[in-house]
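A short write-up of the structure that comes next.
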Amino acid sequence: MDRLLELEVYVRVVHAGSFTAAGRDLGLTPSAVSKQIGRLEDRLGVRLLNRTTRKVAMTEEGAAFFEHAKRIIDDLDEAEQALSQLSSAPRGLIRVNMPVTFGQIILAPLIPEFLRRYPDVEVDMTLNDRMVDLVDEGMDLGIRIGALKDSSLIARKLAPSRRAVCAAPRYLERAGTPRRPADLAAHNCLVYTYRTWRNDWPFRGAGGSETVHVTGSFSANNGEVLRQAALGGSGIIMLPIWQVRDDLLAGRLVELLPDYSSPDADIHAVYPQTRYLAPRVRAFVDYLALEFAAMGRAWQAGESAA
């Protein structure tokens with residue numbers, strides 16, 4: 001305990017710039033602060049601080065030691081905060097960001113039950129289809145669909161999903177049914193503009209991987225707009241199965257190229273790196289994972305087939 005106190009005093013002195021200011025922060029007299037620093041230097045066998053009448057400055061050895069000491073004190077503070085939060089009921093505001101259509105179709109129906117279970121929690125849900133920087137925009141959590149970019153965010157997979165290539169029966173009656181991915185080049189394909197591969201649709205089949213460059217008369221930065229266009233017979237879409245499942249079951253859309261798979265559209269919760277999650281955020285992520293478990297199994301099991 002004496003060693004930890006010495007480290008805490010040293011870190012506070014460096015931050016405060018003087019023994020007097022550090023002592024005021026810690027509730028110690030300047031002489032008590034000086035004694036702790038002296039003991040630390042004696043034990044280490046080096047001078048950590050150069051003292052003047054008005055301020056202190058770290059020596060070269062003191063600067064090197066400070067980084068380690070600060071990390072230890074920060075870890076201790078964080079551990080105490082995590083324990084304190086874990087022992088308390090979830091409460092406070094959760095700011096969560098997700099794609100528009102996913103939020104409307106999948107997540108919005110789940111919010112009332114979550115709020116009923118956690119009456120002290122508030123949810124602020126932001127919907128947009130552009131990639132949001134969670135840290136810059138002050139978000140606690142984001143929901144991402146598809147492959148994740150390398151980043152400093154922590155990711156937790158909530159549910160498996162896949163993308164389906166489909167079209168309305170009346171489009172297929174007019175334009176014919178593609179039998180292999182290469183056939184799509186001759187069709188009117190409706191393109192999601194926020195997707196990184198946009199007009200280059202990738203597929204995997206028994207013969208390996210291939211990419212088909214598609215074109216079409218309509219593109220949009222929102223999947224629901226594309227779905228509506230496909231339902232109207234405008235062309236072929238590639239969208240997450242959860243978005244078109246009901247249409248496939250009802251026969252409004254027909255899934256194409258059943259012997260080929262397109263990129264996964266797995267659903268992840270992502271959040272800024274931290275050694276612990278606030279109880280309200282952890283409760284929300286756990287709740288979503290539980291609710292999505294059955295959905296994900298249905299999406300993967302091919303229950304979308306008409």
Within the chain, the percent of DSSP beta bridges that are antiparallel, given to the nearest 5, stands at 65 percent
Looking only at lysines whose Cα falls under 22 Å of LYS149's and that sit 8 or more positions away or on another chain, we get LYS157
The Cα radius of gyration of the chain, divided by 2.2 N^0.38 Å with N its residue count, comes to 1.46
Counting only residues 5 or more apart in sequence or on a different chain, those whose built amide H sits under 5 Å from that of THR126 are VAL96, ASN97, MET98
Taking only C-alpha positions in the stretch 163-255, Rg and Dmax in angstrom work out to 12.2, 33
For 237-243, 165-171, 210-216, ranked highest to lowest by mean beta-carbon neighbours within 10 Å, the order is 237-243, 165-171, 210-216
Excluding residues fewer than 8 positions from LYS55 in its own chain, the lysines with Cα under 29 Å of it are LYS35, LYS70
Length gained if ALA89 through HIS213 is fully extended, taking 0.36 nm per residue and subtracting the Cα-Cα distance, is 39.4 nm
Charge tally for neighbours of GLU60 with beta carbon under 13 Å away, counting Lys, Arg as +1 and Asp, Glu as -1, is -1
Per the rule of 0.36 nm per residue minus the C-alpha distance, extending SER151 to ILE72 adds in nm 25.9 nm
At R0 = 22 Å the Cβ-Cβ FRET efficiency linking ARG54 and LEU5, nearest 0.05, sits at 0.30
Given all pairs of distinct Cα atoms, the stretch 1-151 yields a Kirkwood Rh in Å of 19.5 Å
With the stretch 2-86 reduced to its Cα atoms and the Debye formula applied, log10 I(q)/I(0) at q = 0.10 1/Å amounts to -0.24
Length gained, ASN199-ARG43, 0.36 nm per residue minus C-alpha separation, equals 49.5 nm
Both in Å, the radius of gyration and Dmax of the C-alpha trace of the stretch 161-205 are 11.4, 31
Checking rank on 95-102, 244-251, with mean other Cβ inside 10 Å and highest first, the result is 95-102, 244-251
Computed, not fitted: 222 nm per-residue ellipticity of the chain from DSSP H runs ≥ 4 (each -39500 (n - 2.57)), nearest 500, equal to -12500 deg cm²/dmol
antiparallel share of DSSP beta bridges within the stretch 163-255, to nearest 5, in %, is 75 percent
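No value in this document is a laboratory result; all are computed from the given coordinates. Everything numeric in this text was worked out from a predicted model, so none of it was measured. We place every Cβ from the backbone using ideal geometry, glycine too, and count neighbours over all the protein chains shown.
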